[in-house]
Amino acid sequence: MRRGSMFWGFVLVLLGGLFLLQAQGLITDVFGWFLPIIFILIGAWIIFGRFLPSSLPDGETFSIDLQGAAKVDLDFDHGAGMVMLTGGAPMGVALIGSQALGMDVKSHLAGDSLTVDLNAGPTFIPFIGPESGEWRFQVTQEVPVNLKVDSGASSLDFDFTAVKLAFLGVDTGASSLKVKLPAAAGHTLVNVESGAATIEMIVPEGVAARIRLEQGASTIQVDEKRFPLVTSMGHLYQSPDYDSAANKVEINLEGGANSVKVF
């Protein structure tokens, strides 16, 4: 059974039960009871959704053709909820992923560049978000990708190990952000602006990194064996072979009371 249908079933049972209690004279204000209980039910549904298996059921996916583009510019807007983005889209496909009510996807090919605008909508409401309770997307590994992410209170899990990621820009609020960076994409630029976020950046072995941190009251953990501290002014860390490395990432993190790990 679809999770959205189950949720609405619970809501109708709840509402009917409250009207029954009112008819019996046990309560006087149905909606005075209904609203607090419905918020409790939504919260419990979100928590319950964390333990459900994540999948992309048949008929619940969408895909955007690559259309022969030499690069993909992906603009991702997400209100709240859980998002997983990895490589692994089929050949000839720019992006494939979860489909659900409230999503808006647009694509436009201009010259050799494919622009994809994806608005995932407010997934914190279980009957709007995907059936798995989690947005899951796969992006092309065939051509370079530029990704911009604008999110609210989200849990973001990105694995770009096999993706030719040229640019990642993230603007997020009170979120959790985990990023596995490319293993062989040449030069990758990462810019993150965040509120009170938990940020984890994983740099593959053999990839050099330059890391600039402009943080408020933050907890900062950087693997200084791989990325020694160059200067404490602005917290600059850099691999000794950064300038000559074939594969390298430049990471700029700016935010408030964050917890930051780079290793």
Within the range 34-82, can you find the residues that are in a loop (DSSP other than H, G, I, E, B), among the hydrophobic types (A, V, I, L, M, F, W, C), surrounded by fewer than 16 Cβ atoms within 10 Å (Cβ to Cβ) and modelled with pLDDT of 65 or more? ALA70
Breaking point among (1) within 22 Å of the chain's Cα centre (by Cα); (2) modelled with pLDDT under 95; (3) not in a loop (DSSP other than H, G, I, E, B), for ASN191: (2)
Looking at ALA185, ALA246, ALA209, can you tell me which residue is buried (at least 16 other Cβ atoms within 10 Å of the Cβ), in the same structural domain as GLY81 (by TED's automatic domain parsing) and not in a strand (DSSP E or B)? ALA185
Please give the number of the condition ASN119 fails out of (1) at pLDDT 95 or above; (2) surrounded by fewer than 19 Cβ atoms within 10 Å (Cβ to Cβ); (3) out of contact with any Leu (no Cβ under 8 Å at 6 or more places or on another chain). (1)
Filter the range 95-106 down to the residues that are surrounded by fewer than 19 Cβ atoms within 10 Å (Cβ to Cβ) and of a type outside the set (A, V, I, L, M, F, W, C), then identify the one that is modelled with the highest pLDDT. LYS106
Which residue, of SER239, SER218, SER232, is in the same structural domain as LEU177 (by TED's automatic domain parsing), crowded, with 16+ Cβ neighbours inside 10 Å and at pLDDT below 95? SER218
Got at least one residue in the range 131-147 being touching a helix residue (DSSP H, G or I) at 6+ places or on another chain (Cβ under 7 Å), at pLDDT below 90 and not basic (Lys, Arg)? yes
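The values are calculated or read from the model by the stated rules, or taken from the named source; none is laboratory data. This structure is a prediction, so every number in the text was calculated from the model and none was measured. As a convention, Cβ positions derive from the backbone with ideal geometry for all residues, glycine included, and neighbour counts pool all protein chains shown.
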